[in-house]
Amino acid sequence: DISSTALESLPSYGLEAIQVLNAMSSYSLKRLPPLDKFSSLLEAVLTYPSHCCAFQNLRTEKQNSLLSIFDNFSKQCESTMRKPTSETFYRDASFNTSLWPAEEHMYPLETGEEAFPYSYSAVFDEDEMTGFDFEYDFCQPKILTCTPEPDAFNPCEDILGYSFLRVLIWFINILAIAGNFTVLLVLITSHYKLTVPRFLMCNLSFADFCMGLYLLLIASVDAQTSGQYYNHAIDWQTGSGCSTAGFFTVFASELSVYTLTVITIERWHTITYAMQLDRKLRLRHAVPIMLGGWVFSILIAVLPLLGVSSYMKVSICLPMDIETGLSQAYILLILMLNVIAFIVICACYIKIYVAVQNPELVAANKDTKIAKRMAILIFTDFTCMAPISFFAISAAIKVPLITVTNSKILLVLFYPVNSCANPFLYAIFTKAFQRDFFLLMSKLGCCKSRAELYRVNYFSAYTSNCKNGSAAPGPSKASQALLLLSASEKLCKTRRSTKKSQPECQ
């Protein structure tokens, strides 16, 4: 009995004879010694439910030895339980000759041996049979009982549960981290003017980068605790690690959804009011809008740390605690805001598609490309938000339609879809990003020919816009002259190679 003590560990020896372990309210005891030390344990009353997972499949040493010798005793036990007691435990010619026919020939009664209660002295040593009762010890074996039992939020499994998820999560988090880090690096180091779309894309990439960090943290802890999570569950879920992971995922999720909504509204606003320059969204408008999104996302992520719901409820550190009305309202608020954001995104893209269908604005083939691109954007948003929101709302109103174990499939396969797809759909696949990327690589000594090609193309577009009296978004004034000079030199070299007989550029 070590209940209500401050013990932090149990010895690794001297535990073999313990049959009952009472460790109730021993909050400092967060790890157990090797399970093979509890060879005789029959009952355990512990503090943490996760520790009972360790004893779930544990058998006593005596029970294991019996089962290893008698593999086909189930039928014999059934017969034993149906027979009268006097008939069950005696072996001679007049009693129970059909019960053990094989053993009757294997171990016949010696001359002058009297009928006595059935003995296994021929199989076991005498000291092994001390206190052994066939019907109670074997046909009704002693089962180890442990309390408190694990609940639905913390089943007896590792953090990710399924083996295939343990492999997939590494590919997904590396893709999310590498893709979004590349986008951030290229956009920040670009010489081109920071426009509203670029500014919003930086915010989106940072949010999705944080989601990748959350997945990396979960995958790392799962790899370290695989097979023995019951010994690390308390330290992980009640420690700073799980709180940090929970903050990252809620902050990243809300900031990503908020930024996606703002990007979609900005695109719709730009197309709808394309001819009204006075209504164009400027950077001075976008900065306070995104500042509000950051404040909102940080506030939502901090609330579970202040007691509104909790990141400690489950091993994947999501705010699933709905025991109080305030916690339930918090979860429903987040889910409903995400659903509203998805509806707004869909409505804006539908309006954009209707606007660009005008044959005076775009060609037919370009119209088809735009429609396909928008369909992909909406599909990725729907894939990410729909299953998560549906099952989470049902759980928030205390009608769960999915277990925590199965919800981990949603966590790995659906939850980070946007974080992996956004850098490609909104940045990497665009020509502007590819231009910035090759210009950055040329500074590092790579892809110089591609970079020069982009410089020449920019110079041609810039001079064309100047002739038409318009100005396209370009580099900052500090680097604009360098780009134009480099493009001019490249253009002159090209002309020298094709028109050697003509005067060269000065």
Open item on the list: Given the options Gln228, Thr383, Thr264, identify the residue whose Cα lies farthest towards the positive end of the charge dipole of the range 163-429 (+1 on Cβ of Lys, Arg; -1 on Cβ of Asp, Glu).
Closed with: Thr264
Open item on the list: If N is the number of residues in the range 163-429, what value comes out of its Cα radius of gyration divided by 2.2 N^0.38 Å?
Closed with: 1.07
TODO: Keeping the other protein chains in place, figure out the carbon and sulfur percent of the accessible area of the range 150-264, with a 1.4 Å probe.
DONE: 71
Open item on the list: So, for the range 214-326, what is the accessible surface per residue at a probe of 1.4 Å, expressed in square angstrom?
Closed with: 45
Open item on the list: For the ranges 10-21, 234-245, what's the packing order if you count other beta-carbon atoms within 10 Å of each residue, average per peptide, and put the highest first?
Closed with: 234-245, 10-21
Task: Protection-proxy order for peptides 200-206, 177-183, each taking the mean of Cβ atoms within 10 Å per residue, highest first - done: 200-206, 177-183
Open item on the list: For the pairs Lys351/Lys443; Lys351/Lys431; Lys193/Lys448; Lys193/Lys443; Lys408/Lys431; Lys30/Lys408, flag any whose C-alpha to C-alpha distance is greater than 30 Å.
Closed with: Lys351/Lys443; Lys408/Lys431
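The values are calculated or read from the model by the stated rules, or taken from the named source; none is laboratory data. Quick caveat: nothing in here was measured; it's all calculated off a predicted structure. A quick note on method: Cβ atoms are made from the backbone with ideal geometry, for glycine too, and the neighbour counts reach across all protein chains shown. Ligands, DNA and RNA are stripped out before the accessible areas are found, and what is left, the full protein with its side chains, is counted by its heavy atoms. Shrake-Rupley method; radii C 1.70, N 1.55, O 1.52, S 1.80 Å.
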